[in-house]
Amino acid sequence: MSTDQPPGEPPENDPFLKKPQEPPAGGAPRNSSPRENGAPRNHAPRGNGAGAGGTGAGEGGTPPPGGPPPPPPGGTPPPYAGDPYGSGPYAGDPYGGQPGPADPLAGMPPLANRGRRLVARIIDAIIIGVPVSVIMTLIVGGVDYFSTDSVEAGRQSTVSGVTMLAYLIYDGLMISSRGQTLGKMAMKIRVAMLSNGSTPTAQASWIRAAVYTLPEIVPCCGFIFWLVNVLWCTWDQPYHQCLHDKAAKTVVVSTETGGARSA
């Protein structure tokens, strides 16, 4: 029998896949079943007839005036384990009928440290920018980046454009193939799909690379957008995404799965 993975599906043994959130300890919460006919949860409906002997408070019997209600069949229910004021595992309903909001980070690898993300980008910029700039400078001749002459400005634009295109191709290919660039490998972080933690699809990878790189083509405004983009992760919650991550629906996580979730 073939064991090939269907195309487009992440491998089942991928250690970075997003795991489902585990249920609370102790099994299902008490009183989670719906009420029927207005009767209290976990209490049998009271009958109109008398219990054994006509005066007892047995099953189906009428409790004596002023006395406590009869216990439900099967013994006394366990006490409610949550906090009725909202700090328990089923916050929002003091009777445990509805669970509280799920943790959006549950099952995910720890988020990547912002400092490591910055260093990874610097490493990638050096890996691509330095050799491409040197080669292009040799092709077009010496480039004076401090000159405002029209000829020098054209050379500057040519070198910058080719370098930008090389970085776009490098980033898109590396992220779509393994979720990491060389800089991210060095910093032990990776890019993953937010939905399930798998390696980004080709579409998501190229969208991410394009939103990061291409706006710099626009004079002045492009640099402002780029700066806002890379700084966005400093205040974004809960996933610490930059704008290019939001566009591609990706998140940057640590490959050190045993570590604590970073801030």
Seminar exercise, completed: Sole miss for Met164 among (1) out of contact with any strand residue (DSSP E or B) (no Cβ under 7 Å at 6 or more places or on another chain); (2) modelled with pLDDT of 95 or more; (3) surrounded by 16 or more Cβ atoms within 10 Å (Cβ to Cβ) is condition (2)
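For the range 202-215, give me the residue count where each residue is surrounded by fewer than 17 Cβ atoms within 10 Å (Cβ to Cβ) and modelled with pLDDT under 95.
1
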Seminar exercise, completed: All-but-one check, Gln180 against (1) at pLDDT 90 or above; (2) open to solvent by 40 Å² or more (accessible area, probe 1.4 Å); (3) closer than 21 Å to Thr213 by Cβ, failing number (2)
For this session: Kindly provide the set of residues from the range 144-161 that are surrounded by 15 or more Cβ atoms within 10 Å (Cβ to Cβ) and either under 29 Å from Glu256 (Cβ atoms) or not β-branched (Val, Ile, Thr) (or both), ordered by number.
Result: Glu152, Arg155, Gln156, Ser160
Problem set entry | In the range 209-253, the residues that are closer than 20 Å to Met185 by Cβ, in a helix (DSSP H, G or I) and within 16 Å of the chain's Cα centre (by Cα) | Cys233, His244, Asp245, Ala248
Exercise. How many residues does the range 108-154 hold that are in a loop (DSSP other than H, G, I, E, B) and either of a type in the set (A, V, I, L, M) or in contact (Cβ under 8 Å) with a residue 40 or more places away in the chain (or both)?
Worked result: 6
For this session: Exactly one condition in (1) of a type outside the set (S, T, N, Q); (2) in contact with a helix residue (DSSP H, G or I) (Cβ under 7 Å, 6 or more places away or on another chain); (3) at pLDDT below 90 is not met by Asp171; state its number.
Result: (3)
For this session: Restrict the check to the range 181-201 and report whether at least one residue is over 22 Å from Arg114 (Cβ atoms) and not in a loop (DSSP other than H, G, I, E, B).
Result: no
Exercise. If you scan the range 183-192, which residues turn out to be touching a helix residue (DSSP H, G or I) at 6+ places or on another chain (Cβ under 7 Å) and either under 20 Å from Leu231 (Cα atoms) or at pLDDT below 95 (or both)?
Worked result: Gly183, Lys184, Met187, Ile189, Arg190, Val191
For this session: Can you tell me which residue within the range 231-247, out of those that are surrounded by fewer than 16 Cβ atoms within 10 Å (Cβ to Cβ) and in contact (Cβ under 8 Å) with a residue 12 or more places away in the chain, is farthest from Leu194 (Cα to Cα)?
Result: Thr234
Seminar exercise, completed: By residue number, the members of the range 184-201 that are of a type in the set (Lys, Arg) and surrounded by fewer than 22 Cβ atoms within 10 Å (Cβ to Cβ) are Lys188
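The values are calculated or read from the model by the stated rules, or taken from the named source; none is laboratory data. Quick caveat: nothing in here was measured; it's all calculated off a predicted structure. Quick reminder, even Gly has a Cβ in these numbers, built from the backbone with ideal geometry, and neighbours come from all protein chains shown. Note: accessible area is taken over every heavy atom of the protein model, side chains too, but ligands, DNA and RNA are not part of it. Shrake-Rupley method; radii C 1.70, N 1.55, O 1.52, S 1.80 Å.
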